[in-house]
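**Student:** First the structure, which I've put down as structure tokens, then a few questions once you've had a look.
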Amino acid sequence: METMSTTESQKPRVVQAAVTGKGERLLRLALPLATMFAWLAAWEFYVWQQAVPPYILPAPSLILQTLVENFSSLESSLWFTLRLTLMALALAVLSGALIGTIFALSPLIELSFFPFAIMLQVTPIIAIAPLIMIYVDSTFAALLICAWIVAFFPMLSNTVIGLRSADHNLKALFRLYRATPWQTFRYLLAPSALPFFMAGLKIAGGLALIGAVVAEFVAGASGRDTGLASRILEASFRNEIPRMFSSLVLVSMCGMAIFMINIWLSKRLLGYWHESEIKSEG
Amino acid sequence: MAHQRAGVVTAMGIVPTMTKADSLIRISGVDKRFANGTVALRDLSLDIGQRQFISFLGPSGCGKSTALRMIAGLTAPSTGSIEWSKESGAASKHVHDIGFVFQEPTLMPWATVFENVYLPLKLVGTSRKAAQPLVEEALEQVGLANFAAVYPRELSGGMKMRVSIARAMVTRPRVLLMDEPFAALDEMTRIKLNNDVLRLWSEHDLTVIFVTHSVWESVYLSNRIIVMAARPGRVVDDITISAPYPRDEEFRVSAEYAEYCKHVSKALRSTLDGNDVDH
């Protein structure tokens, strides 16, 4: 809590989030970029200086070149993986929020079904995937189910915890004013749950991509689909290491994009009130 | 059960000291036992009159907060009854009749000061437009008219508590219930807020029921102090503070105030006699 002023002025005493000066913002961008560049340069230099053959370790420049040359064929795979990941994530968010809400509002249902949710969570997806591939005809649907299973649990558990974390006195206040269950949910429980929900989303975003890639590895052996994971496998069979790397770069960029969207969203939704998104005065 | 000095409370039932028209809340033979068997309150009988400023004073565990929550309807008595007067046409207490202030400011951190104060009206379906003048008036009363658009985290502890008071007052309640509202504040802020509450009370047709563990605060504010003892929670004394209002800083340093404090302290002290003082 901030210090109390004994003379409370009549003007809003807005505690400014530590001002991010232009210099600091530049540093935030420049520092990681410089580190990344230095690392790539060292890699490039090492490959050139030691004359490492590309089938052992391709230089970054070669990876980039391969990526550009093969982009037209890699592009469809990129969209396939991205679509798969985002659809799985959307499903996980919707089902996690819905089932989490039901669990939070009804302890009996939670008691009955939570073991199932935990079972889904603790069984490695790579062990379930072959079975799903057998039972589900459409490869895309099978992959979607796999990625969803992985991303679902953090959404579920965070929604449940979030909805239960509402302040007890505020709940009493809502009771005092005879709020309807819907009003209590809409104006109290849901906003209280939002920070937990966003934390779940950050985890689920990463897991959805992992699920999508892992499931595709399993399906890839038998598959005729075109996700990035299949391209990595394919290139590996042919010993095309630079192509493996360029597919890997795209997978990694997918993950980064999802992560950054989540960060942005979290800032948008929580930035103005939640401690996690507010810089301290230092 | 000991005979009560003021004659308000007896073990057998209610002996009203006020005329019926004055009485706003009638608490009769109320016991409160928790599920684990703890007796939080035993045989509480009390008539609370209109326009009273009444303090529940006692050590922790004396059931003063429990009594307040029962009056608010947040928890039900195990036995006995709490009745609201039937005057002014209202058959029973109305949602708007009560304002409640917790020990913590208990504000919604995601909502602006305006939204926080608007909440009670919003919950009964008052439109934002219709509520606006009421919210502004409530904020004005606590000196926060310029802070409507600010988020709670940007306010000091004392200001947050004022928002909480504005929220309780926005429905223009007949009774303001306050559960150790200033216990967590520093001395200067508490004195200021004490004066604010007294001003609100004098300007409105308001009954205040104030829970505190501070002798000095209860004497300064109230015209009636219910002294309570713990294990089991019960009323041990009912003291009238007849010093005239308005009370200000002059009263706070007067001999009369000191005398009342001494008297009330003694009564509070007696609640600890015979009980093991465990801290």
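**Student:** Exactly one of (1) closer than 26 Å to B:Arg231 by Cβ; (2) without any contact (Cβ under 8 Å) to a residue 60 or more places away in the chain is unmet by B:Ala131. Its number?
**Tutor:** (1)
**Student:** Could I ask something else about it? Provide a single number: the residues in segment B:213-228 that are part of a strand (DSSP E or B) and surrounded by fewer than 24 Cβ atoms within 10 Å (Cβ to Cβ). Step through it out loud before you land on a result.
**Tutor:** Residues of segment B:213-228 part of a strand (DSSP E or B): B:224-228.
When the remaining residues are screened for being surrounded by fewer than 24 Cβ atoms within 10 Å (Cβ to Cβ), the result is B:224.
Selection size over segment B:213-228: 1.
**Student:** Out of the residues in segment A:234-282 that are assigned to a helix (DSSP H, G or I) and of a type in the set (Val, Ile, Thr), which is nearest to A:Leu194 (Cα to Cα)?
**Tutor:** Taking segment A:234-282 and keeping what is assigned to a helix (DSSP H, G or I), we get A:234-237, A:241-270, A:275-277.
Now restrict to residues that are of a type in the set (Val, Ile, Thr): A:241, A:249, A:251, A:258, A:261, A:263.
Numbers: A:Ile241: 43, A:Val249: 32, A:Val251: 29, A:Ile258: 19, A:Ile261: 16, A:Ile263: 14 Å.
The extreme case among them is A:Ile263.
**Student:** Tell me which residues, restricted to segment A:236-253, are free of Cβ contacts under 8 Å to residues at least 60 places away in the same chain, closer than 21 Å to A:Ala215 by Cβ and surrounded by fewer than 19 Cβ atoms within 10 Å (Cβ to Cβ).
**Tutor:** Of everything in segment A:236-253, those that are free of Cβ contacts under 8 Å to residues at least 60 places away in the same chain, closer than 21 Å to A:Ala215 by Cβ and surrounded by fewer than 19 Cβ atoms within 10 Å (Cβ to Cβ) turn out to be A:Ser236, A:Phe237, A:Leu248, A:Ser252, A:Met253.
**Student:** Looking at segment A:37-80 only, could you name the residues that are out of contact with any Ser or Thr (no Cβ under 6 Å at 6 or more places or on another chain), in a helix (DSSP H, G or I) and among the aromatic types (Phe, Trp, Tyr)?
**Tutor:** If the condition is that a residue be out of contact with any Ser or Thr (no Cβ under 6 Å at 6 or more places or on another chain), in a helix (DSSP H, G or I) and among the aromatic types (Phe, Trp, Tyr), then A:Phe37, A:Trp39, A:Trp43, A:Phe45, A:Tyr46, A:Trp48, A:Phe71, A:Trp79 are the ones that fit.
**Student:** I'd like the full set of residues that are farther than 20 Å from A:Trp273 by Cα, part of a loop (DSSP other than H, G, I, E, B) and either modelled with pLDDT of 90 or more or of a type in the set (Asp, Glu) (or both), limited to segment A:1-36.
**Tutor:** Correct list: A:Glu8 only.
**Student:** On to the next question. May I ask you to verify whether A:Leu228 is closer than 17 Å to A:Arg83 by Cα and touching a Ser or Thr at 6+ places or on another chain (Cβ under 8 Å)? Steps first, please.
**Tutor:** Values: closer than 17 Å to A:Arg83 by Cα: yes; touching a Ser or Thr at 6+ places or on another chain (Cβ under 8 Å): yes.
The answer is yes for A:Leu228.
**Student:** Would segment B:189-203 turn up any residue that is of a type in the set (Ser, Thr, Tyr) and either under 20 Å from A:Arg178 (Cα atoms) or in a helix (DSSP H, G or I) (or both)?
**Tutor:** yes
**Student:** Only one residue in B:Leu177, B:Leu198 is within 11 Å of another protein chain (Cβ to nearest Cβ), under 17 Å from the mean Cα position of the chain (by Cα), at negative phi and not acidic (Asp, Glu), so which one is that? Give the steps one after another, and end with the answer.
**Tutor:** Values: B:Leu198 fails: within 11 Å of another protein chain (Cβ to nearest Cβ).
The conditions single out B:Leu177.
**Student:** Go through B:Gly99, B:Gly143, B:Gly125 for me and flag whichever is small (Gly, Ala, Ser), closer than 23 Å to B:Arg69 by Cα, within 12 Å of chain A (Cβ to nearest Cβ) and not in a helix (DSSP H, G or I). Break it down into steps so the answer makes sense when it comes.
**Tutor:** Values: B:Gly143 fails: closer than 23 Å to B:Arg69 by Cα; B:Gly125 fails: closer than 23 Å to B:Arg69 by Cα.
Exactly one of B:Gly99, B:Gly143, B:Gly125 is small (Gly, Ala, Ser), closer than 23 Å to B:Arg69 by Cα, within 12 Å of chain A (Cβ to nearest Cβ) and not in a helix (DSSP H, G or I), namely B:Gly99.
**Student:** I'm told B:Trp84 meets every condition in (1) modelled with pLDDT of 90 or more; (2) crowded, with 20+ Cβ neighbours inside 10 Å; (3) more than 18 Å from B:Val215 (Cα to Cα) except one. Can you identify the failing condition by its number?
**Tutor:** (1)
**Student:** Any residue in segment A:117-130 that is closer than 17 Å to A:Val218 by Cβ and in contact (Cβ under 8 Å) with a residue 12 or more places away in the chain sitting within a Cβ distance under 9 Å of a residue that is charged (D, E, K, R) and surrounded by fewer than 17 Cβ atoms within 10 Å (Cβ to Cβ)? List the pairs, counting only those 6 or more apart or interchain.
**Tutor:** Final answer for the pair search is none.
**Student:** Please identify the pairs in which a residue from segment A:53-80 that is closer than 13 Å to A:Val249 by Cβ has its Cβ atom under 6 Å from the Cβ atom of a residue that is among the aromatic types (Phe, Trp, Tyr), counting only partners at least 6 apart or on another chain.
**Tutor:** Pairs that qualify, where the first residue is closer than 13 Å to A:Val249 by Cβ and the partner is among the aromatic types (Phe, Trp, Tyr), are A:Pro58/A:Phe245; A:Pro60/A:Trp43; A:Ile63/A:Phe245.
The values are calculated or read from the model by the stated rules, or taken from the named source; none is laboratory data. The shown structure was predicted, so the numbers you read here are calculated from the model rather than taken from an experiment. No Cβ is skipped: glycine too gets one built from the backbone with ideal geometry, and neighbour counts run over all protein chains shown.
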